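The values are calculated or read from the model by the stated rules, or taken from the named source; none is laboratory data. Quick caveat, the model's predicted, so the values are computed rather than measured. Don't worry about glycine lacking a Cβ; one is built from the backbone with ideal geometry, like all the others, and counts go over all protein chains shown.
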């Protein structure tokens, strides 16, 4: 990568703007039912080509959760998203249910979304499955390219501090109502570290439980291609090749970041043939007028291709701590000069969840937390491996809804 990769990316995006505008206009023209050509094979081909070109060259904005209603005890309940805590790099969103009668007491669930290139909306399905049963909150991490340098830096230590503060805020709001936490993928490490620090300090606001899903607790176990690349390259290589200043005129101009499009390129490369086939299928669906199938593809890629930048300091510290040095499982991870001692965790229950075919966090990497947290009583521990799912299927999809989420709820219920 050149020192100007980010700038060149932005220039290419801007240079294609006229072509995108023409392509979009062509799509509308050739799909207009009043245009006779729209009903021909040539017209459908031109409309399909125009849409695929526009989708491949556009910048995908941050999606919305769109969770406007849920069903509790057979009755529809409206949902209102509300920010209940905010810092420069994170907003805590509450999915507040608008009860028409006195609200029944329900336990709180904090979902810690990954800060790894995608927005928190990637966990829309995770949130939706828990809405009928919990008072649900989620961390909505900021896109670093939109945060002015004047807001300061943000690293892994700050991430852990944010989680400690959030647990305190949620625990103080309603005394006596348990708070459960759930970390999906990357947050498994900082969530585990935050709980260990709180336990070691005798913090009264520790959550009742933590569920770690597909997280890289010990990447020495069943290392995946992602893990092996990080170890082979080393943090110095990532520092020299993967972080760049945000270009003008974005709000974060001058801030050094790991660009989201780098992360997306890596993910796409891991399953390149699958993505090429998916776009060929999209082209065919458009020609055939199969809008139902096309809508499913649009929905997936609107989410998958919407990426965010990470601060360079957070990215590099995470690479070094988790993937290169393996500091947490070695008992050597530090937080502002204090060693993270997982043996201090005694009060917080632990559940780990893995996917049989996970190619991001290999089998055993999340399970390692069970061995490391040696002082949690066995009756307050549980591990579950979901068959026939990859990384995404651990926290989303039909098997997640039918098999994973109910087991998490049962684990929480058994703690009473």
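Per the conditions (1) in the same structural domain as residue 341 (by TED's automatic domain parsing); (2) touching a strand residue (DSSP E or B) at 6+ places or on another chain (Cβ under 7 Å); (3) assigned to a loop (DSSP other than H, G, I, E, B), the sole criterion not satisfied by residue 221 is (2). Residues that are surrounded by fewer than 16 Cβ atoms within 10 Å (Cβ to Cβ) and either touching a residue at least 60 places away in the same chain (Cβ under 8 Å) or assigned to a strand (DSSP E or B) (or both) within the range 68-80 comprise 69, 71, 72, 75, 76, 78, 80, listed in sequence order. Among the numbered conditions (1) more than 30 Å from residue 66 (Cβ to Cβ); (2) over 21 Å from the mean Cα position of the chain (by Cα); (3) surrounded by fewer than 17 Cβ atoms within 10 Å (Cβ to Cβ), the only one that residue 295 does not meet is (1).
Yes/no matrix, rows are residues, columns are (1) surrounded by fewer than 21 Cβ atoms within 10 Å (Cβ to Cβ); (2) assigned by TED's automatic domain parsing to the domain that holds residue 409; (3) part of a helix (DSSP H, G or I):
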site: 160; (1), (2), (3): no, yes, yes
site: 163; (1), (2), (3): no, yes, yes
site: 193; (1), (2), (3): no, yes, yes
site: 196; (1), (2), (3): no, yes, yes
site: 205; (1), (2), (3): yes, yes, no
site: 210; (1), (2), (3): no, yes, no
site: 215; (1), (2), (3): no, yes, no
site: 234; (1), (2), (3): yes, no, yes
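State all residues of the range 125-168 that are within 23 Å of residue 300 (Cβ to Cβ) and touching a residue at least 60 places away in the same chain (Cβ under 8 Å); if no residue qualifies, say none. Scanning the range 125-168 gives 125, 126, 127, 128, 129, 130, 131, 141, 143. Could you check residue 283 against (1) surrounded by 15 or more Cβ atoms within 10 Å (Cβ to Cβ); (2) at pLDDT below 90; (3) within 22 Å of residue 121 (Cα to Cα) and say which number it fails? Exception for residue 283: condition (3). For the condition closer than 30 Å to residue 155 by Cα and over 26 Å from the mean Cα position of the chain (by Cα), residue 14 does not qualify. Out of curiosity, is residue 371 more than 25 Å from residue 228 (Cα to Cα) and surrounded by fewer than 18 Cβ atoms within 10 Å (Cβ to Cβ)? Answer is no for this residue. Residues that are farther than 15 Å from residue 109 by Cα and touching a strand residue (DSSP E or B) at 6+ places or on another chain (Cβ under 9 Å) are absent from the range 173-183.
Taken together, 342, 316, 327 contain a single residue that is surrounded by 15 or more Cβ atoms within 10 Å (Cβ to Cβ) and closer than 26 Å to residue 143 by Cα, which is 316.
Residue 129 meets the stated requirement of being in contact with a helix residue (DSSP H, G or I) (Cβ under 6 Å, 6 or more places away or on another chain), modelled with pLDDT of 95 or more and either closer than 27 Å to residue 205 by Cα or not assigned by TED's automatic domain parsing to the domain that holds residue 177 (or both).
Test residue 149 against the criterion of being under 27 Å from residue 264 (Cβ atoms) and within 20 Å of the chain's Cα centre (by Cα), and give yes or no. The answer is no for residue 149.
Evaluating residue 62 against the criteria (1) within 26 Å of residue 276 (Cα to Cα); (2) modelled with pLDDT under 85 leaves one unmet condition, (2). Filtering the range 364-390 to residues that are in contact with a strand residue (DSSP E or B) (Cβ under 6 Å, 6 or more places away or on another chain) and in a loop (DSSP other than H, G, I, E, B) leaves 366, 367, 373, 376, 389, 390. Whether a residue is farther than 19 Å from residue 340 by Cβ and touching a residue at least 40 places away in the same chain (Cβ under 8 Å) was assessed, and residue 176 does not pass this test.
Checked against the criterion of being in contact with a strand residue (DSSP E or B) (Cβ under 8 Å, 6 or more places away or on another chain), within 27 Å of residue 144 (Cα to Cα) and part of a helix (DSSP H, G or I), the range 242-254 contains not a single residue that satisfies it.
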